[in-house]
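The block underneath contains the structure these notes are about, expressed in structure tokens.
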């Protein structure tokens, strides 16, 4: 048996100031890593859950997002009666013609941001069945009314029930607030599609159509039929795929974040190494004593390595608590984190620190501890008892 | 004094030299020293600073290795063991006592004493029981949960002695055990070491400057400039130490005798 873990832990606690300073540096790395990871995970989750596995998005061929697509009334009329589209209780096809524009809205703190305004018909609530009105009601067509996602409600000036939003040429009275399970729709303003088309003076009334397939087989069949139809040059793709592509921009952020986290981790690793070298220096005689008493090199190596890991765990614990608190404070103060989507509109994300983000940060902290402690622990283990005892 | 052959030697030092390089100089810390120590004896290595007495103690306890010659303890040639084997051997056979006590500051008295038992297969409860027994032997049963910083120098050295005996080693090696203590505590420690020999049959080697030690040991080896003094030189050194400690007292207590075997 080697030295007990309590020996290492007590040594960490025996030098509270030095230990806290090192743990503090590690905690900062944990906070940075956790919040960055949390941000990206939240962003990816927001985009990823926006796609419904039973929905198809139909756009003009060559468009990579519905902001740059155009679709004629004729095309919409043709495809809404294709076989395989699910139908509602009144036997109407669940096909939602939609027009998106990107007007500016004023934020509560006085800035200006592009927001996605989506013109829809009432059927949109059945096609996008995650969208639920949680305050107020659905807009009335041609009444200058709008409903807004939760993210919009928390972030923009006048984005509240009864007030008017000003964008395009008109003013839009907010009559409802909707929830969409945290998806990207929560960052949108929905209005009547015809009113929006008139307001935007678009030559084509729609950007695209969302279709709900009756079954997975119908989904594949519909996709092929629309892609192969020579009349309108349309492209259909599953919503899930569409949003997965939209979230690809987050992948490059991942690389950046991991790079920053690793750099910060290297800095913290030097901090931990410095502390542990100082500990070895200060306890040379103690190490000599332990070796003289019969403890092997390995026992000493393990004991000092555990000490470095204990420091890292202390740093992780402090950092984890801080990052959860900071996420709460940031969400409360900023009304969520605004994130530019690929379409140049703003996604408002609620920053959540998930267990997987914390596990990622824990891994980084442990790496800092293990690598930072390795050199000092090795030096401690290699001390010859006779030389170490002379330092007494 | 018992005849040399009366007891089987526990320790045999055979033509041992220890040299090391300090800067550009080669230091001859020990030169061709031979001696033997029988089991159950309490002996002192004495001499001025730089005489080689600590080097000799380190060789006997397996903390250091000779440049030449052989050290045998209970028939085991220490030169045959690699560093980790030597550590294991020390854990089983040697109890170490240091001048500055060398207790682990973050462990209380009981855990300090139980430390060497971590290298055994004993269960925790048994380790703690034995640690408490050892603390009782040194008279510190009331101080088991005290940390080193809350103990006096004499008490810390007693804890260190308890740590040295807790594994029931054949050999106890003490490096200037009274060097950092006042006169009263120094005598108490010497008395305790003698009791370990008398009551428990331990073999004890002590490196010391302290002339009082002569009253307690069975034999004193005198070293000077890396050489073991023998014959008249040794007797002269012995007398000098007795004088330093006050001859009358020493003769009354039955002073140790010099020589090449104990």
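Bear in mind these aren't lab numbers, they're just calculated from the coordinates by the rules spelled out. Remember, it's a predicted structure, so these values are computed and weren't measured experimentally. Positions of Cβ are backbone-derived with ideal geometry, glycine not excepted, and every protein chain shown enters the neighbour counts.
Odds and ends about this structure:
- All C-alpha pair distances within the protein assembly as shown, sorted into 10 Å bins from zero, spread as 3, 13, 17, 13, 9, 7, 7, 8, 8, 7, 4, 2, 0 percent across the bins.
- Modelled this way, with points 7 Å down the Cα-to-C-beta line, the labels at residue A:90 and residue A:129 are 1.8 nm from one another.
- Chain A: most fluctuating residue of A:218, A:179, A:109 per GNM, C-alpha cutoff 10 Å: A:109
- For peptides B:52-59, A:323-330, sequence by mean Cβ density within 10 Å, most packed first: B:52-59, A:323-330
- Segment residue B:239-residue B:14, extension gain: residue separation times 0.36 nm, minus the distance between their alpha carbons: 78.3 nm
- Chain A: most fluctuating residue of A:208, A:265, A:170 per GNM, C-alpha cutoff 10 Å: A:170
- Estimated distance in nm for a label pair at residue A:21 and residue A:181, the labels positioned 7 Å out from Cα along Cα-to-Cβ: 5.1 nm
- Result for chain B in a Gaussian network model with C-alpha springs under 10 Å: among B:40, B:231, B:153, the largest mean-square fluctuation is at B:231.
- Largest first, the three principal axis extents of the alpha carbons in chain B are 52, 46, 43 Å in whole numbers.
- Neighbour counts of other Cβ atoms within 10 Å put A:167, B:101 in the fewest-to-most order A:167, B:101.
- log10 of Debye I(q)/I(0), alpha-carbon scatterers only, for chain A at 0.10, 0.12, 0.13 Å⁻¹: -0.72, -0.89, -0.98
- Antiparallel content of DSSP bridges confined to region A:138-216, in %, to 5: 60 percent
- Across all C-alpha atoms in region B:2-126, the radius of gyration and Dmax reach 16.8, 53 Å.
- Those residues of region A:226-262 whose amide nitrogen sits under 19 Å from the label point placed on residue A:61, 7 Å along Cα→Cβ: A:226-238
- Taking every DSSP beta bridge that has both ends in region A:147-273, the antiparallel portion is near 65%.
- Its convex hull of Cα atoms gives region A:81-208 a direction-averaged projected area, equal to a quarter of the hull surface, of 8.1 nm².
- Inter-site label distance for residue B:25 and residue B:225 at 7 Å from Cα along Cβ, in nm: 1.3 nm
- Using a Förster distance of 51 Å, the FRET efficiency for residue A:169-residue A:217 (Cβ separation, nearest 0.05): 0.70
- Angle of helix A:355-382 to the longest C-alpha principal axis of chain A, folded into 0 to 90 degrees and rounded to 10: 20°.
- Peptide B:86-94 has a mean of 4 when you count, residue by residue, the C-beta atoms of other protein chains within 10 Å of its C-beta.
- Separation of region B:23-92 and region B:152-188, taken as the distance between their Cα centroids, equals 20 angstrom.
- Region A:160-189 versus region A:90-151: alpha-carbon centroid distance in Å: 6 Å
- Relative to the longest principal axis of the Cα atoms of chain B, helix B:124-137 runs at roughly 60 degrees.
- FRET efficiency estimate (nearest 0.05) - Cβ-Cβ, residue A:382 to residue A:263, R0 22 angstrom: 0.15
- Once the Cα atoms are used to define both axes, helix B:83-93 deviates from the longest principal axis of chain B by about 80 degrees.
- Helix-only CD estimate at 222 nm, as mean residue ellipticity for chain A, using -39500 (n - 2.57) per DSSP H run (n ≥ 4): -17500 deg cm²/dmol
- Counting only DSSP beta bridges whose two residues both lie in the protein assembly as shown, roughly 65 percent are antiparallel.
- Shielding of peptide B:95-106 by partners, expressed as the average count of other chain Cβ atoms within 10 Å per residue Cβ, is 5.
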